[in-house]
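Right, one structure below, let's go through it.
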Amino acid sequence: MTDPYVPPTVWTWDQESGGQFSNINRPTAGAQTERPLPLGKHPLQLYSLATPNGVKVTIMLEELLALGHAGAEYDAWLINIGDGDQFGSGFVAINPNSKIPALVDHSMDKPLRVFESGSILLYLAEKFKALVPSNHFLRTECLNWLFWQMGSAPYLGGGFGHFYTYAPEKWEYPINRFTMEVKRQLDVLDQHLATNKMMVDSTYSIADIAIWTWYGQLVLGRQYDAAEFLDVTNYKHVLKWAQEIDARPQVQRGRMVNRITGDRDRQLHERHDATDFDTKTQDKVAPVPD
Ligand SMILES: N[C@@H](CCC(=O)N[C@@H](CS)C(=O)NCC(=O)O)C(=O)O
């Protein structure tokens with residue numbers, strides 16, 4: 001039996017954790033390399049990867065474009081967090097927290113940086129007056145759920161996902177702790193969606209986009225290979241809502257942008273034009289020889 005861990009008086013970083021992301025985890029902030037960011041032709045420049053946080057923004061931009069907001073045209077550049085791109089000087093200048101997604105709006109006198117996925121969703125919703133209710137009561141409810149998601153998802157990703165999937169060993173205590181919390185969160189959503197078609201009444205909004213990328217995709221079986229373990233089909237109202245959102249063409253396009261895993265015809269590493277979905281997916285630009 002190994003000795004129980006006794007925390008030292010002062011913690012020091014003297015060893016890699018051994019987990020899947022141990023090569024990029026550090027107890028310090030700031031740029032590690034000198035690397036400027038590329039700049040495209042559109043007003044909005046997005047630097048991201050198709051994780052649940054990243055996909056929130058590409059779905060939002062595709063939704064805005066589908067609504068006819070031409071000012072939402074964007075270049076999406078790939079930030080490969082596994083390669084440490086988030087620690088380049090250009091990226092750190094637009095997000096000192098070194099996490100995707102980060103957006104720069106060049107449509108004004110001087111460029112404006114926006115980081116934190118919830119802040120980006122709200123920024124775009126306000127800029128284009130879309131996908132956030134204007135009614136004071138409904139808008140407040142929309143922000144309640146947006147902030148709920150921003151506070152809850154770290155339990156799902158950093159807690160459950162980390163210990164169930166990425167940690168170097170399976171430890172019962174943290175898996176139990178975070179599984180209980182994630183199932184409680186799913187029950188919160190299930191009870192809410194039992195009497196509401198969407199997160200805010202019956203109108204699709206940034207609250208749905210934010211929550212769907214995490215909890216919607218979890219019940220659709222796309223996260224952490226944990227659908228059976230979490231018994232996700234039990235959350236029937238969440239599942240129905242998730243399937244409805246999943247069927248939106250804008251959502252399907254948004255999921256493809258900055259994706260570097262999965263089916264090659266669903267991977268669009270960079271997006272600079274609406275036609276890229278038809279011509280620049282990986283099966284077309286880098287076909288695998290037979
Ligand atoms: N609260 C942030 C979280 C962003 C976040 O955790 N991004 C992850 C990918 S989903 C990341 O960039 N990780 C890189 C790292 O930890 O070094 C948001 O919602 O934007």
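Structural remarks
- Dipole of the chain [Lys/Arg +1, Asp/Glu -1 at C-beta], most positive-end residue of Ala31, Trp77, Met150: Met150
- For the range 276-281, putting each phi into the Karplus relation 6.51 cos²θ - 1.76 cosθ + 1.60 with θ = phi - 60° gives couplings of 4, 4, 8, 10, 10, 5 Hz, in residue order, rounded to whole numbers and with x for Gly and Pro.
- Evaluating 6.51 cos²θ - 1.76 cosθ + 1.60 at θ = phi - 60° for every residue in the range 179-190, the Karplus couplings come out as 5, 4, 5, 5, 5, 5, 4, 4, 5, 4, 5, 5 Hz, glycine and proline recorded as x.
- Pairs spanning more than 27 Å between alpha-carbon atoms, out of Lys197/Lys280; Lys56/Lys129; Lys56/Lys170: Lys197/Lys280; Lys56/Lys170.
- Size descriptor, Kirkwood hydrodynamic radius, that averages inverse alpha-carbon separations across the range 136-252, Å: 14.5 Å
- Likely footprinting exposure, Met256, Met150, Met198, fewest C-beta neighbours within 10 Å first: Met150, Met198, Met256
- Label sites at Ala194 and Asn234, each approximated as a point 7 angstrom past Cα along Cα to Cβ, lie 1.4 nm apart.
- For the chain, built as a Gaussian network whose Cα springs stay under 10 Å, the top-fluctuating residue of His136, His42, His106: His136
- Pair-distance distribution P(r) for the chain, from all Cα-Cα distances in 5 Å bins starting at 0: 1, 5, 11, 15, 17, 17, 14, 10, 6, 3, 1, 0, 0 percent.
- Sorting 228-234, 217-223 by average packing, meaning the other beta carbons within 10 Å per residue, from highest down gives 217-223, 228-234.
- Under a model in which nothing but the beta-carbon of Lys, Arg (+1) and Asp, Glu (-1) is charged, the chain shows a dipole of about 500 debye around its Cα centre.
- Farthest positive-ward along the range 99-204 dipole, Cα basis, beta-carbon charges - from Asn176, Pro101, Gly159: Pro101
- Per-pair calculated FRET efficiency, R0 = 45 Å: Ala29 and Ala70 via Cβ, rounded to 0.05: 0.75
- Remark: relative contact order (the range 174-277) = 19 percent; criterion is Cα-Cα distance under 8 angstrom and separation of 6 or more residues.
- Taking 7 Å steps out from each Cα toward its Cβ at Asp225 and Asp187 produces label points 2.8 nm apart.
- When the alpha-carbon atoms of the range 136-192 are used, the pair Rg, Dmax equals 13.9, 48 angstrom.
- Difference of contour (0.36 nm per residue) and Cα-Cα distance, Lys127 to Tyr173: 12.1 nm
- Cβ-Cβ FRET estimate between Trp13 and Asn135, R0 fixed at 41 Å, reported to 0.05: 0.25
Values in this text are rule-based calculations from the coordinates and carry no lab data. Being a predicted model, the structure only gives us computed values, none of them experimental. Every residue, glycine among them, receives a Cβ derived from its backbone with ideal geometry; neighbour counts consider all protein chains shown.
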